[in-house]
Amino acid sequence: MTATPYDAYKYATGEAIKHPLGFDMKLREPLDFYAVTDHGFYMGMIENYADTSSEMSKKEWTKPMHNINRPENVNVESLGERADLFSSVLSQAIVQPYPYWHPKLWKAWFTNNIQVALKSFDYDVHKSAWADVANAAEEFNDPGNFTTFIGYEFTTSTEVEGGNLHRNVIFNSSNAPIRPWTRIDSLNPEDLWTWMDSLRDKGVDSLAMPHNSNGSNGQMFEVETFRGNPISIEYAEKRMRNEPVVEMTQVKGTSDTHPLLSPDDEWADFEIMDKRVGSRPPTYSMPQGGYVRDAYLRGLTLDWEGRGNPYKFGLIGSSDTHTGAGGFDEDNYWSKAGVLDGTDMGRGSVPLTQDRIDMLNQYADLYNQPISIQEIDGRTYADVGFDQWSASGLAVAWAEENTRDSIFQAFKRKETFATTGTRMALRFFAGFDMESIDLDSEDMVKNAYAKGVTMGADLFSQDNQTPQFLVWAQRDKLGAPLQRVQIIKGWVESASGTPKEQIYDVACSDGLLVDPVTNRCPDNGARVNISDCSISNDVGAGELKTIWTDPDFDPTIKAFYYVRVLENPTCRWSTWDSIKAGVTPRPDLHQTIQERAWSSPIWYIPESGELNIIPL
Amino acid sequence: MNLRILVFFVIGLLIFLLDIGFNAEQDSKDIYISDQELTSLLSAWQSQVGRPPSDEEIVNIINNFVQEEILYREALLLDLDQEDRIIKRRLAQKITFLKQETIPNDPSQEEIKKFFEKNKNNYFIPPTYSFSHHYFSKESNAKERAAEAFDEYQTNGAELTGDPFFLGKNFYQNSEDEIKKNFGALFFLAIKNLAINEWSGPHESVFGEHIILLKEITTGFYPPLEKVLLRVQQDYLSEAQEKAIAEYINEIRSQYRVIINPDYKF
């Protein structure tokens with residue numbers, strides 16, 4: 001059968017669990033914290049679970065009838081579900097409410113009313129999916145060792161054109177609400193925030209984390225509200241109160257930036273998923289308003305217009321797989337949806353055999369869909385968009401201890417960073433006396449905290465001084481060494497209101513120096529052997545640290561600065577797939593990637609400008 | 001006499017059928033909303049919104065409920081519940097819950113004890129290591145610097161100091177797994193064989209070189225049942241639940257025949 005929240009937590013603590021196709025999924029190393037966030041509206045079919053004493057419970061499972069044909073449900077994932085021949089044999093065998101001799105079944109036959117039989121099925125059930133999600137989180141929460149959060153996904157979208165506005169909601173306590181607020185209650189995220197505000201008033205703190213903004217068709221970071229009203233300071237405050245962090249990377253692509261948005265960023269073309277989430281047939285997603293860097297710039301622009309900054313968020317990564325287990329390593333990857341993309345052929349990395357082509361043809365007929373295959377260089381591959389998916393990502397928080405409250409508070413103050421699955425470590429500070437810190441002192445971090453602000457925070461100007469930034473990155477001990485550390489700066493020109501961005505390499509591996517004209521590190525010579533995925537092991541850094549000063553600093557202009565750390569290149573999962581299958585890699589896909597981490601930004605705020613500080 | 005029994009039987013059957021007939025009529029087109037149902041609808045609303053609904057809102061809530069009920073029944077009449085993966089899964093989940101509920105919540109002392117003895121290894125508390133280290137980054141000739149610092153310390157009693165390490169200097173009661181996670185397997189191999197309270201090094205890890213002071217080793221042990229009772233109870237229960245479901249499926253499964261087209265190409 002399919003994975004339960006319990007399975008997902010077991011997986012996070014390092015146990016192996018079964019993929020729907022039967023193979024074992026196991027993490028290379030266990031995780032420290034985890035939240036299982038199932039689609040809330042599936043769970044919505046079991047409203048009022050706490051009221052099992054009432055007659056209400058017998059209507060519990062009726063909701064999916066209403067949802068089943070909404071566009072949200074007619075997507076790749078449900079196609080995967082429908083195509084799942086094997087497990088259906090088993091579940092059919094269990095749905096047999098009563099033995100044939102039972103009077104209730106006779107009654108149902110006599111009256112030709114199937115309700116009778118099903119009604120009788122409605123027993124005093126004490127559990128439901130939402131309660132089960134909460135129970136699983138409670139059961140696995142082990143302060144000091146392994147932290148869990150009760151959470152769910154608010155799976156909403158715009159009313160037209162299917163702009164994905166999904167959010168994961170997590171609670172900072174065991175007192176989860178009686179049921180999650182879902183798209184059935186309202187499609188408008190502002191209503192979700194109202195609900196979260198009201199819960200917070202009652203002492204139940206929560207936060208919502210937008211995800212897959214890349215597939216939102218530009219709707220996630222719009223310059224107007226869900227209803228099309230202009231953004232106001234109140235909106236910005238409400239959004240930031242409830243959504244302090246945003247997902248940067250996950251299995252369905254990375255949302256840093258898009259080559260069209262950042263033409264001068266050589267690393268922008270990274271794990272781009274250019275389709276709207278769940279669109280059938282696959283539909284292009286507009287990049288503007290869908291990517292994080294663009295959102296930061298939009299936030300500054302809105303702020304410049306005096307309407308507050310609703311996009312002053314920190315960064316995390318997450319898995320968002322549907323198999324209960326996130327795949328974070330390129331050589332240990334099973335994609336997302338389960339049966340349909342659990343094989344190399346299914347996810348488009350290896351050519352299809354003739355019987356698989358026939359099978360896809362059958363599906364196409366059965367579900368009245370266009371046939372999803374494509375010819376590349378004379379070979380036939382599945383064309384279902386899975387080739388754009390990634391073995392990504394992880395969220396990291398700087399917390400005092402591994403407990404629910406400590407990590408939750410780190411999220412709230414945005415002291416977080418995101419990685420593409422690598423276990424890189426990253427520190428980022430800014431201040432006006434960073435230069436006095438000895439980078440080689442064992443007290444370096446303590447001094448940095450004392451003398452500056454850290455990732456996610458605001459740095460207020462001091463007498464027009466120029467700030468210094470301290471960055472420190474450490475490699476994943478099992479991954480590739482580091483290649484370079486970059487600082488990405490964005491600002492709005494004060495006269496014209498034009499958003500600008502600039503990328504500075506600030507530390508290079510192998511003792512190389514940044515070219516002051518191009519702001520780039522020289523090539524460190526790291527290469528990948530595509531025939532076996534081995535990498536150069538004599539270049540790259542175990543750690544990189546530096547203190548950096550912005551050469552173009554203007555003390556009167558608001559700006560954000562965030563760090564991007566790049567590893568040496570390694571094989572992408574699709575290349576690993578082709579090597580394991582003994583075929584040449586698909587030529588139109590990236591054969592290598594550079595795993596990376598992004599810090600939450602530090603915002604520089606000049607005193608002179610009209611101060612608009614959001615208390616967070 | 002036999003005839004009499006037959007007459008009573010026939011009368012009984014008639015009453016039964018009539019009852020079914022009348023009820024059927026009611027069941028199919030009456031929507032009966034019980035007091036409990038109303039209470040639960042209204043309290044659910046209140047728990048969401050934070051205040052009791054107004055009269056107008058009550059009408060809306062009930063209308064929505066009725067509309068849903070009508071659509072639901074009409075959908076059932078059209079057999080829309082058939083061959084629906086989500087409904088199937090939900091029903092399968094419900095019967096799973098039912099079977100789980102049949103497990104007694106408070107197993108006897110005896111059973112718990114037996115379970116604990118059998119699964120003792122699951123509750124083993126592994127040995128831990130408390131240590132401090134000075135780190136020398138691979139980026140700047142770790143080996144020489146570490147060896148030099150250690151030599152200075154040994155011969156001249158110079159203070160040991162190294163580079164900053166991401167996770168800090170001091171580690172208290174870390175298990176083998178934690179050490180391997182933070183430093184890698186190589187580092188653990190080194191620490192395992194160190195003498196207590198004696199600086200030693202340099203030892204290699206993937207990050208560079210380390211000079212290590214092992215302060216304390218706690219030996220691993222099997223805790224007494226009282227110490228882990230809650231966990232054992234939970235584990236007992238979840239195992240019993242899994243067993244109950246597996247047994248139930250096994251038992252029922254023999255009554256089903258699975259028919260698959262033998263010519264189907266998998």
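The values are calculated or read from the model by the stated rules, or taken from the named source; none is laboratory data. If you're wondering where the values come from, they're calculated on a predicted model, not measured in any experiment. Note that we place each Cβ from the backbone using ideal geometry, even for glycine, and neighbour counts take in every protein chain shown.
May I ask you to list the residues in the stretch A:147-177 that are more than 17 Å from the chain's Cα centre (by Cα) and under 20 Å from A:GLU224 (Cβ atoms)? A:THR158, A:GLU159, A:VAL160, A:GLU161, A:GLY162, listed by residue number.
The numbered conditions (1) in a loop (DSSP other than H, G, I, E, B); (2) among the β-branched types (Val, Ile, Thr); (3) away from chain B (no Cβ under 14 Å) are all true for A:ILE170 except (1). Taking B:PRO107 as the residue in question, decide whether it is under 30 Å from A:PRO177 (Cβ atoms), of a type outside the set (S, T, N, Q), in a loop (DSSP other than H, G, I, E, B) and more than 7 Å from every other protein chain (Cβ to nearest Cβ). Judged against the criteria, B:PRO107 is not a match. Within the stretch A:411-431, track down each residue that is hydrophobic (A, V, I, L, M, F, W, C) and surrounded by fewer than 21 Cβ atoms within 10 Å (Cβ to Cβ). Within the stretch A:411-431, just A:ALA425 meets the criteria.
The residue pairs whose first member lies in the stretch B:185-200 and is without any contact (Cβ under 8 Å) to a residue 24 or more places away in the chain, whose second member is in a loop (DSSP other than H, G, I, E, B), and whose beta carbons are closer than 9 Å, counting only pairs six or more residues apart or on different chains, are B:LEU186/B:VAL206; B:PHE187/B:VAL206; B:PHE187/B:PHE207; B:SER200/B:LEU194.
Given the criteria within 30 Å of B:LYS243 (Cα to Cα) and either within 12 Å of another protein chain (Cβ to nearest Cβ) or modelled with pLDDT under 85 (or both), does B:THR96 qualify? Judged against the criteria, B:THR96 is a match. Candidates B:ALA195, B:ALA158, B:ALA190: the one that is away from chain A (no Cβ under 11 Å), assigned to a loop (DSSP other than H, G, I, E, B) and at pLDDT 90 or above is B:ALA195. Output yes when any residue across the stretch A:331-348 is in contact with a strand residue (DSSP E or B) (Cβ under 7 Å, 6 or more places away or on another chain) and either at pLDDT 90 or above or assigned to a strand (DSSP E or B) (or both), and no when none is. No, there is no match, as no residue in the stretch A:331-348 is in contact with a strand residue (DSSP E or B) (Cβ under 7 Å, 6 or more places away or on another chain) and either at pLDDT 90 or above or assigned to a strand (DSSP E or B) (or both).
What number of residues within the stretch A:459-475 are at pLDDT 95 or above, surrounded by 16 or more Cβ atoms within 10 Å (Cβ to Cβ) and farther than 12 Å from A:LYS545 by Cα? Number satisfying all stated conditions: 3. Candidates in the stretch A:408-454 are the residues that are without any contact (Cβ under 8 Å) to a residue 40 or more places away in the chain, of a type in the set (A, V, I, L, M, F, W, C) and more than 14 Å from chain B (Cβ to nearest Cβ); of these, the one that is nearest to A:LEU482 (Cα to Cα) is A:ALA410. For the stretch B:152-182, the set of residues classified as over 21 Å from B:ASN193 (Cβ atoms) and out of contact with any Phe, Trp or Tyr (no Cβ under 9 Å at 6 or more places or on another chain) consists of B:GLU152, B:THR155, B:ASN156, B:GLY157, B:ALA158, B:THR161, B:GLY168, listed by residue number. When you check B:SER130 against the structure, is it at pLDDT below 85 and under 30 Å from B:ILE191 (Cα atoms), yes or no? Considered against the rule, which asks whether it is at pLDDT below 85 and under 30 Å from B:ILE191 (Cα atoms), B:SER130 comes out as no. Based on what the data block shows, is A:TRP491 of a type in the set (Phe, Trp, Tyr), assigned by TED's automatic domain parsing to the domain that holds A:GLY452 and closer than 24 Å to A:ASP440 by Cα? Taking the combined requirement at face value, the residue does not satisfy it. Looking across the stretch A:457-473, the residues that are over 19 Å from A:TYR504 (Cα atoms) and touching a residue at least 24 places away in the same chain (Cβ under 8 Å) come down to A:ALA457, A:ASP458, A:LEU459, A:PHE460, A:SER461, A:GLN462, A:ASN464, A:GLN465.
Look at (1) out of contact with any Ser or Thr (no Cβ under 7 Å at 6 or more places or on another chain); (2) surrounded by fewer than 22 Cβ atoms within 10 Å (Cβ to Cβ) and you find that A:ALA391 fails only one, number (2). Of all the numbered requirements in (1) more than 12 Å from chain A (Cβ to nearest Cβ); (2) among the basic types (Lys, Arg); (3) buried (at least 18 other Cβ atoms within 10 Å of the Cβ), B:LYS118 misses one, and that requirement is (3).
Would you mind stating whether A:LEU426 is over 30 Å from A:ASP329 (Cα atoms) and not aromatic (Phe, Trp, Tyr)? No; evaluated as a whole, the condition is false for this residue. Residue check: B:ASP81 meets all listed conditions (1) surrounded by 14 or more Cβ atoms within 10 Å (Cβ to Cβ); (2) within 31 Å of the chain's Cα centre (by Cα); (3) more than 7 Å from chain A (Cβ to nearest Cβ); (4) closer than 30 Å to A:ASP197 by Cα but one, namely (4).
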